[in-house]
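The values are calculated or read from the model by the stated rules, or taken from the named source; none is laboratory data. Everything quoted here is computed from the prediction, not taken from an experiment. Every residue, glycine among them, receives a Cβ derived from its backbone with ideal geometry; neighbour counts consider all protein chains shown. These area figures cover heavy atoms from the full protein model, side chains too; ligands, DNA and RNA do not enter into them. Shrake-Rupley method; radii C 1.70, N 1.55, O 1.52, S 1.80 Å.
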Amino acid sequence: LAIGNPLGLGQTVTMGIVSAKNRVLGGRVTQYEDFIQTDAAINQGNSGGPLFNFKGEVIGINSAILNPAVAMNVGFAIPINLARQIADQLQRTGNVARGYLGVGTEDMSAEKARALGVRFEPGALVNVVSPGSPAAAVGLRSNDVIIEVAGRRIDGTTGLQRVVQSRAPKETVEVVYLRSGQRGVAKVVLEENQALAGAKVLGLLLVPLSPAEASGAGIPGLKVGAVDPRSPASGYLQAGDVVTG
């Protein structure tokens with residue numbers, strides 16, 4: 001059940017099923033994506049409303065639709081566990097910081113496994129390890145295959161990003177990996193990716209554009225992450241704007 005205020009129609013309730021979990025929309029909504037997809041009708045004005053299961057438990061926060069002129073009953077909600085993690089960080093520290101492992105990966109496939117001469121197992125194949133990163137500190141290497149993080153199975157690059165970014169900096173997670181077919185375990189202390197932390201200028205929090213955002217903008221720039229209401233830019237710029245000069 002999705003409850004909200006679609007098109008100004010307050011306390012509207014719609015019903016449907018969960019169509020998919022862990023849905024990624026390719027950066028079309030936000031850089032960090034892990035949505036519940038539902039066919040319960042979600043329209044403009046539903047955002048922020050709860051998505052309930054039939055036990056009366058809130059399982060998500062209605063958040064996004066794609067193109068209502070093309071696709072109907074394709075709505076997305078933020079999973080409640082992710083919302084709780086973010087709320088907890090905001091209450092404790094006043095901002096949201098995401099865990100950073102420091103590896104570049106690609107999806108492991110049967111073809112890549114044959115090329116490496118190892119048995120295929122789904123995971124994230126490490127291409128590069130950033131110097132000085134948490135991954136480098138515990139000795140992760142290129143061609144390692146990360147198959148589990150913090151007790152959650154990893155099915156590829158997107159899954160790895162989703163799990164790592166859902167964790168807070170300074171949190172210790174157990175990373176299970178395969179190296180030449182042999183299983184290894186490392187305890188990694190995640191850090192914050194300073195490249196994504198942004199910088200504050202004139203009361204603006206400016207952050208780099210994601211690849212999808214940079215492609216859409218067509219010009220180099222920095223995205224406004226937040227605006228201090230006391231700043232000289234308040235009232236002129238808002239979160240989501242791209243500063244190009």
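Would you confirm, using the coordinates I've provided, whether Arg230 is basic (Lys, Arg) and open to solvent by less than 80 Å² (accessible area, probe 1.4 Å)?
no
State all residues of the range 108-132 that are aliphatic (A, V, I, L, M) and open to solvent by 20 Å² or more (accessible area, probe 1.4 Å); if no residue qualifies, say none.
Within the range 108-132, Ala110, Ala115, Leu116, Val118, Val128, Val129 qualify.
Can you find a residue that is over 30 Å from Tyr236 (Cα atoms), among the polar types (S, T, N, Q) and surrounded by fewer than 18 Cβ atoms within 10 Å (Cβ to Cβ) anywhere in the range 194-208?
no
Exactly one of these conditions fails for Thr105: (1) more than 16 Å from Lys21 (Cβ to Cβ); (2) in contact (Cβ under 8 Å) with a residue 12 or more places away in the chain; (3) surrounded by fewer than 18 Cβ atoms within 10 Å (Cβ to Cβ). Give me its number.
Of (1) more than 16 Å from Lys21 (Cβ to Cβ); (2) in contact (Cβ under 8 Å) with a residue 12 or more places away in the chain; (3) surrounded by fewer than 18 Cβ atoms within 10 Å (Cβ to Cβ), only one is false for Thr105: (3).
For the range 39-64, name all the residues that are part of a strand (DSSP E or B) and at pLDDT 90 or above.
Matches in the range 39-64: Pro50, Leu51, Phe52, Val58, Ile59, Gly60, Ile61, Asn62, Ser63.
Six or more apart or on different chains, Cβ atoms under 7 Å: show the pairs whose first residue is in the range 127-154 and more than 14 Å from Ala186 (Cα to Cα) and whose second is in a helix (DSSP H, G or I) and open to solvent by 30 Å² or more (accessible area, probe 1.4 Å).
Sorted first by the residue in the range 127-154, then by its partner, the pairs are Val129/Ala136; Ser130/Ala136; Asn143/Leu116.
Across the range 59-102, which residue is surrounded by the fewest Cβ atoms within 10 Å (Cβ to Cβ) among those that are in contact (Cβ under 8 Å) with a residue 12 or more places away in the chain and over 20 Å from the mean Cα position of the chain (by Cα)?
Within the range 59-102, the match that is surrounded by the fewest Cβ atoms within 10 Å (Cβ to Cβ) is Met72.
Please list, ordered by residue number, the strands (runs of 3 or more DSSP E) wholly in the range 116-196 having 1 or more residues that are among the small types (Gly, Ala, Ser), within 20 Å of the chain's Cα centre (by Cα) and over 26 Å from Leu206 (Cα atoms).
Ranges flagged: 124-129.
Could you go through the range 133-154 and let me know if any residue there is crowded, with 18+ Cβ neighbours inside 10 Å and of a type in the set (Lys, Arg).
No, because not a single residue in the range 133-154 is crowded, with 18+ Cβ neighbours inside 10 Å and of a type in the set (Lys, Arg).
Filtering the range 1-19 down to residues that are under 28 Å from Val96 (Cα atoms), modelled with pLDDT of 95 or more and surrounded by fewer than 19 Cβ atoms within 10 Å (Cβ to Cβ), which residue is farthest from the chain's Cα centre (by Cα)?
My answer is Ile3.
Suppose we keep only residues that are part of a strand (DSSP E or B) and among the hydroxyl-bearing types (Ser, Thr, Tyr) within the range 66-107. Which one would you say is nearest to Ala226 (Cα to Cα)? Don't jump to the end; show me each part of the working.
Restricting attention to the range 66-107, the residues satisfying the condition of being part of a strand (DSSP E or B) are 75-79, 99-100, 103-107.
Filter again for among the hydroxyl-bearing types (Ser, Thr, Tyr), leaving 100, 105.
Values: Tyr100: 21, Thr105: 30 Å.
So, considering only residues that are part of a strand (DSSP E or B) and among the hydroxyl-bearing types (Ser, Thr, Tyr), the one nearest to Ala226 (Cα to Cα) is Tyr100.
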